[in-house]
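Student: Before anything else, here's the structure in question.
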Amino acid sequence: MATENTKILTAEREAELRRPIDEYVGSIQEKINALREDGTDRVIELQNLLDSLKRDRIYTAQEKAEKAAQYTAELEKAKAVEAQNKDQIAKLIAEAESYLKAQYDPNYYQAVVASCKEEQVQAQKKYQAALETLNKEHQATMAKLTDPQEIKDEKYVHKNRLFDAKMGLAKDLQEVKDRRHAAFEHKYHLIDMLRMSKFTFGESLAQRWENYKYTFNRRDFLLRNGLYLAIIVIFIALCIITPIIKGPNVQLLTVNNVLNILQQASPRMFLALGVAGLILLAGTDLSIGRMVGMGMTAATIIMHQGPNTGSVFGHVFDFSGMPVVVRILFALVVCIVLCTVFTTIAGFFTAKFKMHPFISTMANMLVIFGLVTYSTKGVSFGAIDSTIPSMIMPRINGFPTIILWAIAAVVIVWFIWNKTTFGKNLYAVGGNPEAAAVSGISVFKVTVGAFVMAGILYGFGSWLECIRMFGSGSAAYGQGWEMDAIAACVVGGISFTGGIGKISGVVVGVFIFTALTYSLTILGIDTNLQFVFSGVIILVAVMLDCLKYVQKK
């Protein structure tokens, strides 16, 4: 029975409250199981046998064909039984669920919840009483001591006793939490048995929310999201400050500003997605900015209006005789090829000679900048054909369609990371290359593959940036962009320890840095001070990442 003057349930009383529910639903479950035995259960068994038979190498082809025919015939009979019993099973399930809906919460779960609340209160009272007792004992003992070493020892012992009391409170609260969670989950266990693990969207959502609350840890939450919360606070402050400093007509959070931020973020998304794969391998890429400059220059030369204003190794190019669509596609191919060639070189040296990507990509950065600057004399190549931007990224009712390019890139890279063998190998090599090699994964191929994918994304990103900016390609364009891309990945949770990160984190990181830069620019903050803000954010992001890594260790 419940303990006197409280709502606390004993284990026996809780079992009594739940027994009628289990018996009623259990009796229905037995009827359903009997109906499924020769129907659904047999269908599943025969389908598994057929799948196993396809992989089985013991039988001859003729024996396999005979067994397959036998299983198929039996499967048809089982499906007929399943169809025959379907309506009856559905009625029984509906009856059981109706009963659960009417009886489970009011007659059992709410009583457990009330009991748990009371138990939490009692646990806190028990803890406070233990603290008072320990403090009194400590004061009494200290009053009798005169030796400094004995006083020091007593303080140490008292500190340990306080810690033990705190751990006792944590243990009691966790037991209460476990009890309430078990009561919540039991209902879904019964539904799981009735429906064979088929839940509605609402039921799945309720279970996820319950599991989130059950596993929630404040320290872990702040480690994972503390930086995002701080940045949100900064943006809110900027939204408040902007009209005060710039006047009431200047608002930061407007539809036009949001679209501008998304438009600026789109080409950078390609760069961040590219370097994210390298960071996942515990590497990096310092040549991104120079690749953007190289791609911008090449794309501008090809898509330029008429003869180019500058030369390459003394030769002036003129692609204006080619159809516009051909020039656009040719520019894209050239950008991708150039960037992929250099990333492949860096990937080869990294994978073959175990060279750190910092060195191989730094060499790339110097070589690219030197070649492009020397070949073009560092001049800007002017504007591209004015009809191209409206063809590739037109504005539809004010909406910049360049954003759709970025969304497509995010979807494709997400698919590669999460749904392909290469993506799974990428995580494996990043997490532990030695273990990956032992399990049969080619670390060399995965590493070079990550660099190749990065080169393709860099080429696409530089091509889009060229069109967005109407050309003006030069060797100096893109300087510092590697820091923005790397920082976006780090802020988005792509760990430098390797093997940890999600595409959603990269997207969030890119938006954060683009929005921050845009906001500070509107406020008129000096560019150099903007670097200070970025540096602080990077430092905090890496610090939190290191704390998470240390905690795991």
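The values are calculated or read from the model by the stated rules, or taken from the named source; none is laboratory data. Fair warning: this is a prediction, and the values are worked out from it, not measured in the lab. Cβ: placed from backbone, ideal geometry, glycine included. Neighbour counts: every protein chain shown.
Student: Would the stretch 312-324 turn up any residue that is touching a His at 6+ places or on another chain (Cβ under 8 Å) and modelled with pLDDT of 95 or more?
Tutor: Checked against the condition, which is being touching a His at 6+ places or on another chain (Cβ under 8 Å) and modelled with pLDDT of 95 or more, the stretch 312-324 yields no hits at all.
Student: Within the stretch 343-359, can you find the residues that are closer than 17 Å to Gly289 by Cβ and surrounded by 24 or more Cβ atoms within 10 Å (Cβ to Cβ)?
Tutor: Correct list: Thr343, Ala346, Pro357.
Student: In the stretch 48-89, how many residues are within 30 Å of His186 (Cα to Cα) and either surrounded by 12 or more Cβ atoms within 10 Å (Cβ to Cβ) or not aliphatic (A, V, I, L, M) (or both)? So that I can check it myself, show each step before the final result.
Tutor: Quick first cut of the stretch 48-89, residues within 30 Å of His186 (Cα to Cα) only: 48, 82-83, 85-89.
Right, trim to either surrounded by 12 or more Cβ atoms within 10 Å (Cβ to Cβ) or not aliphatic (A, V, I, L, M) (or both) and you get 48, 82, 85-89.
Of the residues in that region, 7 qualify.
Student: Out of everything in the stretch 233-283 that is of a type in the set (Gly, Ala, Ser) and under 24 Å from the mean Cα position of the chain (by Cα), what residue ends up being nearest to Thr350 (Cα to Cα)?
Tutor: Initially, the stretch 233-283 is screened for residues of a type in the set (Gly, Ala, Ser), giving 237, 247, 265-266, 272, 274, 276-277, 282-283.
When the remaining residues are screened for being under 24 Å from the mean Cα position of the chain (by Cα), the result is 265-266, 272, 274, 276-277, 282-283.
Values: Ala265: 29, Ser266: 29, Ala272: 20, Gly274: 16, Ala276: 16, Gly277: 14, Ala282: 12, Gly283: 9 Å.
Applying the filter and picking the extreme gives Gly283.
Student: Is it fair to say Thr284 is in the same structural domain as Ala487 (by TED's automatic domain parsing), in contact (Cβ under 8 Å) with a residue 60 or more places away in the chain, hydroxyl-bearing (Ser, Thr, Tyr) and touching a Phe, Trp or Tyr at 6+ places or on another chain (Cβ under 9 Å)?
Tutor: Numbers: in the same structural domain as Ala487 (by TED's automatic domain parsing): yes; in contact (Cβ under 8 Å) with a residue 60 or more places away in the chain: yes; hydroxyl-bearing (Ser, Thr, Tyr): yes; touching a Phe, Trp or Tyr at 6+ places or on another chain (Cβ under 9 Å): yes.
It is true that Thr284 is in the same structural domain as Ala487 (by TED's automatic domain parsing), in contact (Cβ under 8 Å) with a residue 60 or more places away in the chain, hydroxyl-bearing (Ser, Thr, Tyr) and touching a Phe, Trp or Tyr at 6+ places or on another chain (Cβ under 9 Å).
Student: Using beta carbons and a limit of 7 Å, which pairs, at least six apart or on different chains, have the first residue in the stretch 344-355 and assigned by TED's automatic domain parsing to the domain that holds Met291 and part of a helix (DSSP H, G or I) and the second one among the aliphatic types (A, V, I, L, M) and at pLDDT below 95?
Tutor: Here the result reads Phe349/Met355, each pair linking the stretch 344-355 to a residue that is among the aliphatic types (A, V, I, L, M) and at pLDDT below 95.
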